[in-house]
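Take a look at the structure below.
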Amino acid sequence: MNHYETLFVVKPTLTDEETKAQIEKNIAIITDNGGEIVAIDDMGMRKLAYPVEKNERGYYTVVYHKAPATLIAELERQMRYNEDVLKFMTVKYAKKKEIAQYDKMVAAVVKKNDAPAAQPKQEEAPAPEATEPAAEPAKEEA
Amino acid sequence: MAERRKFKKRYCRYCEQKVEFIDYKDLNLLKFSLSERFKIMPRRLTGNCKRHQEMVTVAIKRARQTALIPYVVDRKNVVDNPFELIR
């Protein structure tokens, strides 16, 4: 089992339910193939730095998971087929220092997910912040 | 003294902040090492140490791949407000 982080961008043209379904579908691929979800960071709808398949925006999700190496090939194969996924990237954390950082990032995400639980969820979604302990989730996109 | 240094010698910002690892999603950390046109700034201008420059290079390339920051900004490919992306 290795430590991985997978980021994927879902098309902005989908409705909220469809976006959610897409995210759940990708998470299901991980869990079905023997992976273990550690944390999920919902970065929300963001402007893309450059158009991808003529889309200007995208819905970012980051999944932190532990998985066997064979899973990644399967996950990336399925994402490549999936037309609703614009971009994806998997990063492996192997060295001791990197894993320490991985745990830190996971802790930050868990904290971020717990903190705005009291507030309505819609306010959290458009926050364009990157995952960092210092980042305030309250910062809104103009 | 005919050839004076154009840029002041600086010290590595990442060392000052004691950054251990640069996450590609954390754009505020990458911002120091990007030019106005989102090129990676050379070490001789930013004063980054070699260790951090290598980390930041990898992070910037990853951020480009995931459309967090643009590859190029030029007259043909104008970003309305490049600083809107980095906040």
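Structural remarks
- Listed by position, the strands (runs of 3 or more DSSP E) enclosed by segment A:1-111 that each have at least 2 residues that are without any contact (Cβ under 8 Å) to a residue 12 or more places away in the chain are A:36-52.
- Taking the numbered list (1) on the phi > 0 side of the Ramachandran plot; (2) surrounded by 14 or more Cβ atoms within 10 Å (Cβ to Cβ) in turn, A:Gly34 passes all entries but (2).
- In the set (1) out of contact with any Ser or Thr (no Cβ under 9 Å at 6 or more places or on another chain); (2) modelled with pLDDT of 85 or more; (3) under 29 Å from A:Asp103 (Cβ atoms), B:Glu20 fails one condition alone, (2).
- Qualifying residue in segment A:84-96 (condition: among the acidic types (Asp, Glu) and either in contact with a Lys or Arg (Cβ under 6 Å, 6 or more places away or on another chain) or open to solvent by less than 50 Å² (accessible area, probe 1.4 Å) (or both)): yes
- Extreme residue, nearest to A:Met105 (Cα to Cα), among residues of segment A:45-63 that are facing chain B (nearest Cβ under 9 Å) and touching a strand residue (DSSP E or B) at 6+ places or on another chain (Cβ under 7 Å): A:Val62
- Take the conditions (1) within 14 Å of another protein chain (Cβ to nearest Cβ); (2) open to solvent by 90 Å² or more (accessible area, probe 1.4 Å); B:Arg75 misses just one of them, which is (1).
- Among the residues listed as A:Ala67, A:Ala21, the single one being of a type in the set (A, V, I, L, M), over 10 Å from the mean Cα position of the chain (by Cα) and either at pLDDT below 85 or open to solvent by 20 Å² or more (accessible area, probe 1.4 Å) (or both): A:Ala21
The values are calculated or read from the model by the stated rules, or taken from the named source; none is laboratory data. Predicted, not measured: the structure shown is a model, and the values here were computed from it. Cβ atoms come from the backbone with ideal geometry, glycine included; neighbour counts cover every protein chain shown. Just so you know, the surface numbers come from the protein's heavy atoms only, side chains and all, with ligands and any DNA or RNA stripped out. Shrake-Rupley method; radii C 1.70, N 1.55, O 1.52, S 1.80 Å.
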